[in-house]
Amino acid sequence: MSARNTPTQYGWITKSLHWIIAIGLWAMFFFGKYISNLELGPDNYHLIPRHKAFGMLLLALITIRILWRVTNPPPAALPAKPMEHLLAKLVHTVLYVLMLATPFFGWIGSSATGFSIPFFGLFDIPLIWGEDEKVADLFLMLHGYAAMAMTALATMHILAALYRHLIIRDETLRRMVR
Amino acid sequence: MRILFTLLICLFASNVTAAPVKYTVDTQNTDVNFTYTFGGKDIIGAFNDYDINVAVDFQALQNSTVSVTLKTKTATGGFVFGTQAMRSKKILSAKAFPEITFQSKSVTGAGDTATINGDITVRGITKPLTLTAQLFRPRGSDVNERDNLFIKIIGTLDRFDFGADGYPKEVAPDLRINILAAIQKQ
Ligand code: HEM
């Protein structure tokens, strides 16, 4: 299997990044919802820096994925109605934007709380905003909305993939898996 | 605590000197701690830079004075994020308010315990605060030992009185101050 994408197939790097990030983002969505509803105390507060560290790891992978995608175009889309192509393109583009925006807003909001962001105890990730409660509240709110919008779009994306797999019965889903 | 066993000094059982005796603090053997409740559990924090001045009049306790200055930038909260929260704008706002100060206004005593009424300033807000103090001499020291003593000062303040109102769901209002200071006659 080729590492790079070909005109008809995805390479293993694209496929791996796609699935790792897909699972990661879903997990992070529920993790985020879980921690934001916790009653925090000495036994569970560490889940918040854990959320941040995994989120920053995903942000790095997403950045790599976008760079990889720019330098390594995906195979041509399989035949579909022009409207479907357009919709797919739109959803993919907005998904990329939200994949970046969600963790990035989290990073800004978290920085503005003034708390450090340890990366699994290895080092501290730089803070990109000074301590400011208003900025923290605003960006962590945007972070939640971006995550929800992303999850809603990802659901559409999954339904579209299932539609092509189960109803149109083409290779769309299979070529991202195999 | 370095000196585990000390002997309480009865404040009225003393006949040593007439004027107030001034003491400075020996930081090597002093702990300036406070306890706060996070998520229902008690956490011990500390101040690592401070200044404590005590003058005790063993004959006339009301002439005694206590002043305490705590450097907020050296506050710790028991764990990394607790420390960061403690120094942040939401609690002590250490950059804007580098010091917490306490100055006694009256000292009264009964038995072996003194009651210190004074003013505390936290985040630039000054309020009255009552502290309780006890003096100890090191175990094994002479009954009349007054040069090297320990003072234990306790008291409770409500952080909301001073605008230190961050994390109201997670952290309880009370900060319980607990100072055990080794003091030396000047
Ligand atoms: C990578 C993908 C990420 C996803 C999908 C995600 C998702 C979420 C979600 C769904 C919430 C709950 C929002 C709410 O209901 O209010 C949340 C909360 C939060 N996230 Fe993220 N997050 C991600 C990355 C990050 C990063 C990189 C950071 C910081 C560096 C971060 C910091 C936070 C913080 C501080 C909260 C608030 C927790 C609280 O309420 O105390 N997140 N996240």
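The values are calculated or read from the model by the stated rules, or taken from the named source; none is laboratory data. Bear in mind the structure is a predicted one, so any value in this text is a computation, not a measurement. Neighbour counts run over all protein chains shown; Cβ positions are idealised from the backbone, glycine included. Note: areas computed on protein heavy atoms with side chains; ligands, DNA, RNA excluded. Shrake-Rupley method; radii C 1.70, N 1.55, O 1.52, S 1.80 Å.
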(request) Tell me the Kirkwood hydrodynamic radius of the range B:110-177 in angstroms, computed as one over the mean inverse distance between distinct C-alpha pairs. (result) 14.3 Å
(message) Need one number: nm distance between label points at B:Thr74 and B:Ala60, each 7 Å from Cα along Cα→Cβ, rounded to one decimal.
(response) 3.5 nm
(request) Report the residues of the range A:86-116 in range of a label on A:Arg69: point 7 Å along Cα→C-beta, backbone N strictly under 16 Å from it. (result) A:86-104
(request) Using +1 at the Cβ of each Lys and Arg and -1 at the Cβ of each Asp and Glu in chain B, identify which of B:Leu180, B:Ser93, B:Ala46 lies farthest towards the dipole's positive end. (result) B:Ser93
(request) Using a Gaussian network model of chain B whose springs link C-alpha atoms within less than 10 Å, name the residue from B:Ser106, B:Ser67, B:Ser141 with the highest mean-square fluctuation. (result) B:Ser141
(request) List the residues of the range A:12-48 whose accessible area drops by at least 50 Å² when all protein chains are present, compared with their chain alone, using a 1.4 Å probe and counting only protein heavy atoms. (result) A:Leu40, A:Pro42, A:Tyr45
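Determine the alpha carbon to alpha carbon distance for each of A:Lys134/B:Lys169; B:Lys90/B:Lys152; B:Lys41/B:Lys73; A:Lys52/B:Lys41 and list only those over 26 Å. Intermediate values should be presented prior to the final figure.
Numbers: A:Lys134/B:Lys169 18 Å; B:Lys90/B:Lys152 29 Å; B:Lys41/B:Lys73 24 Å; A:Lys52/B:Lys41 24 Å.
Violating the 26 Å limit, Cα to Cα: B:Lys90/B:Lys152.
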(message) Quick check: Cα centre of the range A:1-77 to Cα centre of the range B:143-167, how many Å?
(response) 50 Å
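What does the convex hull of the alpha-carbon atoms of chain A project to on average, in nm²?
On the way: hull surface 47.5 nm².
Spelled out: convex hull of the Cα atoms, projected over all directions, averaged, 11.9 nm².
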(request) If a/c stays under 1.5 just call it rounded; otherwise compare a/b with b/c (prolate if a/b is bigger, oblate if not). Do that for the range A:65-106, with a ≥ b ≥ c from the square roots of the Cα gyration tensor eigenvalues. (result) oblate
(request) Give a residue-ordered list of calculated ³J(HN,Hα) values for the range B:67-73 (Karplus: 6.51 cos²θ - 1.76 cosθ + 1.60, θ = phi - 60°; whole Hz; x for Gly, Pro). (result) 9, 9, 10, 10, 8, 5, 5
(request) Would you jot down the residues in the range A:112-127 that end up with at least 20 Å² less accessible area in the complete protein assembly than in the chain alone, with a 1.4 Å probe? (result) A:Phe115, A:Ser116
(message) Could you identify which residue out of B:Phe81, B:Phe58, B:Phe136 has the top mean-square fluctuation in a GNM of chain B using Cα springs shorter than 10 Å?
(response) B:Phe81
(message) Can you compute the FRET efficiency between A:Leu162 and B:Asp31 using 1/(1 + (r/R0)^6), with r the Cβ-Cβ distance and R0 = 51 Å? Round to the nearest 0.05.
(response) 0.20
(request) For n ≥ 4 DSSP H runs only, could you compute -39500 (n - 2.57) per run for the protein assembly as shown, divide by its residues and tell me the 222 nm figure to the nearest 500? (result) -12000 deg cm²/dmol
(message) Please list, in order, the residues from the range A:61-81 whose amide nitrogen is less than 11 Å from a point placed 7 Å along the Cα→Cβ vector of A:Asp170.
(response) A:76-81
(request) Please state the charge dipole magnitude for chain B, taken about the Cα centre, from unit charges on C-beta atoms (+1 on K and R, -1 on D and E), reported in debye and rounded to the nearest 20. (result) 460 debye
(request) With springs only between Cα atoms under 10 Å apart, run a GNM on chain B and tell me which of B:Gly124, B:Gly77, B:Gly111 wobbles the most. (result) B:Gly111
(request) Wrap a convex hull around the Cα atoms of the range B:40-186, take a quarter of its surface area, and give that in square nanometres. (result) 9.6 nm²
(request) Might you work out the accessible area of B:Val122 for me, using a 1.4 Å probe with all protein chains in place, and round it to the nearest 10 Å²? (result) 10 Å²
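Arrange the residues A:Trp107, A:Trp129 by how much accessible surface each exposes, largest first, with a 1.4 angstrom probe. All intermediate terms of the calculation are to be shown ahead of the outcome.
Numbers: A:Trp107 50, A:Trp129 110 Å².
From most accessible down to least: A:Trp129, A:Trp107.
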